[in-house]
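The values are calculated or read from the model by the stated rules, or taken from the named source; none is laboratory data. Every value quoted in this text rests on a predicted model; they were computed, and no experiment measured them. Don't worry about glycine lacking a Cβ; one is built from the backbone with ideal geometry, like all the others, and counts go over all protein chains shown. Side chains are part of the model used for accessible areas, which takes the heavy atoms of the whole protein and leaves out ligands, DNA and RNA. Shrake-Rupley method; radii C 1.70, N 1.55, O 1.52, S 1.80 Å.
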Amino acid sequence: MPDLIEKTAPATGSTEPKPEKPRSLGSDAWHDLRKRPIFIISAALIVLLIAFAIAPSLFTSVDPRAGDLRLHYLSKPNYLHFFQADWFGYDGQGRSIYARMIYGARASVVVGICVTAGVTVLGGLAGMIAGYYGGWVDAVISRVTDMFFGIPLLLGALVVLNAFTTRTVWSVVFALVALGWTQMTRVMRGSVITVKQSDYVTAAKALGAGTTRIMFKHILPNAIAPVIVVATIALGGYIATEATLSFLGIGLQDPTISWGIDINSAQKVLRTAPFALFFPAGMLSVTVLAFIMLGDAVRDALDPKLR
Amino acid sequence: MGRFVARRLLQMIPVFLGTVTIIFFMTRMLPGDPAAAMWGDKAADPAQLAAFKHRMGLDVSIGQQYLNYMGDLFRGNFGETLAGRKVIDVIGEALPVTVRLALLAFVFELVVGVGIGLLAGLRRGKAFDKVTLVLTLLLISIPVPVLGFIFQNVFAIQLKWITPTVQDSMNLGQLMLPAIVLGSLSLAYVARLTRTSIAENVKSDYMRTAIAKGLPRRKVIGTHLLRNSMIPVVTFLGTDLGALMGGAIVTEGIFNVKGVGNALYHAINLNEGATVSGFVVVLVLVYLAASLIVDLLYAVLDPRIRYA
């Protein structure tokens, strides 16, 4: 958090004395975001989580997969042993809960970011094509979207994942992208249809700009805002869905460390060792919360109507 | 109106067929042979296996299986589970339970969500509004399994108000807690949607007119403000009913409710293609019916929307 503030502080200092230049929607939103405490908190949390995901060994030297049942079976947490193996106690396999909390971030962050990127590209492209061309292209894409939209995400993901005998992070990403893209298609399509009627698009056409140029240079930058908002908020949802799938035993599997798996194994010892459930569950909730808060802040910044 | 409903019903046919097709191929193209799995770890006797597959209609090509399935479906035949039960019986057992659970959750999120959203929207920027925003944000970020365990632990194990799991799945009183867990995520969305919509409409011209002509406050809020603010909420609630029924897998598992989620979870684990697609057919029908009702409600809420 400190380095974030340091980075932003001189930037605001240097722009303020200058006369206000007209800003684009993007830089206006960025200008607005930097002043929001909710954005700074959630961004700091997310930076921390990404650091956990990239280099977990920086935060703990304990092997999260090494368990000692004889010494550590459900040992109680020792809250004064900061950053040590027994800080948050040990789970039912005698493994350090603190180490598993840190290492579990990778699966969640990778699933969240990759699924969001996947659905945004796939769904955004489909929505753009449907909205721009209209007519029968739109009819076909919209009906296919409707067909997938009728399948509940969790249910469809269970069916798809059941087909994999060994499931990795990538199978979960595949399943969620395959079923989740429809939401982005609908948002993008609606947004493109509105933007398409603008004068500057007509002007670009009149000047002889090609279809790809109009789509990516003129329409996309003006139609992307609602998609970014929905995508940021959905990111937290995808992380929760991954944990739920892993919790049900149809998501990630054991060598991969996932908070969902840990929540599942902790439920069996819930009465004797509530801390084994509390820490992975708390970590998961904080992660989801951070992404949803970020999405909220981005929406407020991009949609000046709500200010 | 009648023509609009007819046209919408016609449009639903390809969507329905498409969804059923997608789910059929998703469940049937899975690797692994569910029929051979009936023999457990032992290798199946080839003759018995062939006879079994023939009886289940699994010995023809996947295309032929698809045509047979769709043909049967239109005659109202959902097929059989691998153990020989009629799928329609399995559905008939689980569906009433989940309908009760989902409706309870639905009423809970509708009444409480709209209530909180209305109060927060009217008091925008005040303490109640801020508390609502924070609490709903927390509710959205706590994943359903965690929320389920928290509720189970607090209300059943610590306070002993209820039994930790549901003993009789048809008992409405026992379904209350699972319904609250199931509806709480949507409750947060409903509250936030209502709040935003109310806060936007409170400043509109028709509100000023209504107040200026001296209408009582109840009427201003009830007939003018709420009615005009409900469209985004109704849209959300429409898609949510189907999601509540299909998404109850976790909640039903935690509280041992013998509903659709429970049955589906077992069917998916056992690779029971016919059962899974049977349930999905029902869920898609619920979803389509709900979205038709939403479209009709638009016209009720906003008389400017007319379906000639």
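Taking segment A:163-188 as the region of interest, how many residues are open to solvent by less than 30 Å² (accessible area, probe 1.4 Å) and within 12 Å of chain B (Cβ to nearest Cβ)? The total comes to 4.
Restricted to helices (runs of 4 or more DSSP H) entirely inside segment B:103-220, those with at least 2 residues that are under 19 Å from residue B:236 (Cβ atoms) and modelled with pLDDT of 85 or more are B:127-141, B:172-201. Looking across segment B:256-271, the residues that are surrounded by 24 or more Cβ atoms within 10 Å (Cβ to Cβ) and either within 11 Å of residue B:101 (Cβ to Cβ) or of a type in the set (Asp, Glu) (or both) come down to B:257, B:259, B:260, B:261.
Yes/no per residue for (1) facing chain B (nearest Cβ under 10 Å); (2) part of a helix (DSSP H, G or I); (3) not small (Gly, Ala, Ser):
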| position | (1), (2), (3) |
| --- | --- |
| A:257 | no, no, yes |
| A:263 | yes, yes, yes |
| A:278 | yes, yes, yes |
| A:283 | no, yes, yes |
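Which residue out of B:71, B:40, B:32 is out of contact with any helix residue (DSSP H, G or I) (no Cβ under 7 Å at 6 or more places or on another chain), at pLDDT 75 or above and either away from chain A (no Cβ under 14 Å) or open to solvent by 40 Å² or more (accessible area, probe 1.4 Å) (or both)? So that I can check it myself, show each step before the final result.
On the way: B:40 fails: at pLDDT 75 or above; B:32 fails: at pLDDT 75 or above.
Among B:71, B:40, B:32, only B:71 is out of contact with any helix residue (DSSP H, G or I) (no Cβ under 7 Å at 6 or more places or on another chain), at pLDDT 75 or above and either away from chain A (no Cβ under 14 Å) or open to solvent by 40 Å² or more (accessible area, probe 1.4 Å) (or both).
Scan segment B:241-260 for residues that are in a helix (DSSP H, G or I), at the interface with chain A (Cβ under 9 Å from one of its Cβ atoms) and under 22 Å from residue B:16 (Cβ atoms) and jot them down. I'd like the intermediate steps shown before the answer.
Within segment B:241-260, the first condition is being in a helix (DSSP H, G or I), and the residues that meet it are B:241-246, B:249-255, B:260.
With at the interface with chain A (Cβ under 9 Å from one of its Cβ atoms) added as a condition, the list becomes B:242-243, B:245-246, B:249-250, B:253-254.
The answer is B:242, B:243, B:245, B:246.
Per-residue answers, yes or no, for (1) buried (at least 18 other Cβ atoms within 10 Å of the Cβ); (2) more than 19 Å from residue B:108 (Cα to Cα):
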| residue | (1), (2) |
| --- | --- |
| B:185 | yes, no |
| B:189 | yes, no |
| B:200 | no, yes |
| B:214 | no, yes |
| B:217 | no, yes |
| B:224 | yes, yes |
| B:230 | yes, no |
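Just one of the listed residues (B:150, B:116, B:140) is among the β-branched types (Val, Ile, Thr) and away from chain A (no Cβ under 13 Å), and it is B:116. Within segment B:1-18, being out of contact with any Leu (no Cβ under 9 Å at 6 or more places or on another chain) and under 13 Å from residue A:151 (Cα atoms) holds for B:17, B:18. Just one of (1) away from chain A (no Cβ under 14 Å); (2) among the polar types (S, T, N, Q); (3) open to solvent by less than 30 Å² (accessible area, probe 1.4 Å) fails for residue B:98. It is (1). Scanning segment A:44-64 for residues that are modelled with pLDDT of 75 or more, surrounded by fewer than 14 Cβ atoms within 10 Å (Cβ to Cβ) and over 30 Å from residue A:33 (Cβ atoms) yields a count of 2. Taken as a whole, the condition of being under 20 Å from residue A:300 (Cβ atoms) and open to solvent by 60 Å² or more (accessible area, probe 1.4 Å) applies to residue B:127.
Condition check: open to solvent by less than 60 Å² (accessible area, probe 1.4 Å) and touching a residue at least 40 places away in the same chain (Cβ under 8 Å). Does residue A:104 satisfy that?
Values: open to solvent by less than 60 Å² (accessible area, probe 1.4 Å): yes; touching a residue at least 40 places away in the same chain (Cβ under 8 Å): yes.
Yes, satisfied.
Residue count for segment A:131-148 satisfying the condition of being without any contact (Cβ under 8 Å) to a residue 40 or more places away in the chain, open to solvent by less than 60 Å² (accessible area, probe 1.4 Å) and aromatic (Phe, Trp, Tyr): 1.
Could you identify the single residue in A:257, A:239, A:233 that is at pLDDT 85 or above and of a type in the set (A, V, I, L, M)?
Details: A:257 fails: at pLDDT 85 or above; A:233 fails: at pLDDT 85 or above.
From the options A:257, A:239, A:233, the qualifying one is A:239.
Taking each residue of segment A:44-73 that is without any contact (Cβ under 8 Å) to a residue 12 or more places away in the chain and looking for partners that are part of a loop (DSSP other than H, G, I, E, B) with beta-carbon atoms closer than 9 Å, six or more apart or interchain, yields A:48/A:1; A:51/A:59; A:61/A:85. On the stretch given as segment A:266-276, residues that are touching a Leu at 6+ places or on another chain (Cβ under 6 Å) and either without any contact (Cβ under 8 Å) to a residue 24 or more places away in the chain or facing another protein chain (nearest Cβ under 7 Å) (or both) total 1.
Among the conditions (1) modelled with pLDDT under 90; (2) buried (at least 20 other Cβ atoms within 10 Å of the Cβ), the only one that residue A:124 does not satisfy is (1). Among the residues making up segment B:75-95, those that are modelled with pLDDT of 80 or more and of a type outside the set (D, E, K, R) are B:87, B:88, B:90, B:91, B:92, B:94, B:95. Between B:5, B:15, the distinction of being within 11 Å of another protein chain (Cβ to nearest Cβ), modelled with pLDDT of 80 or more, surrounded by 13 or more Cβ atoms within 10 Å (Cβ to Cβ) and under 21 Å from residue B:293 (Cβ atoms) belongs to B:15 only.
Just one of the numbered conditions (1) over 25 Å from residue B:242 (Cα atoms); (2) at pLDDT 85 or above is not true of residue A:166: (2).
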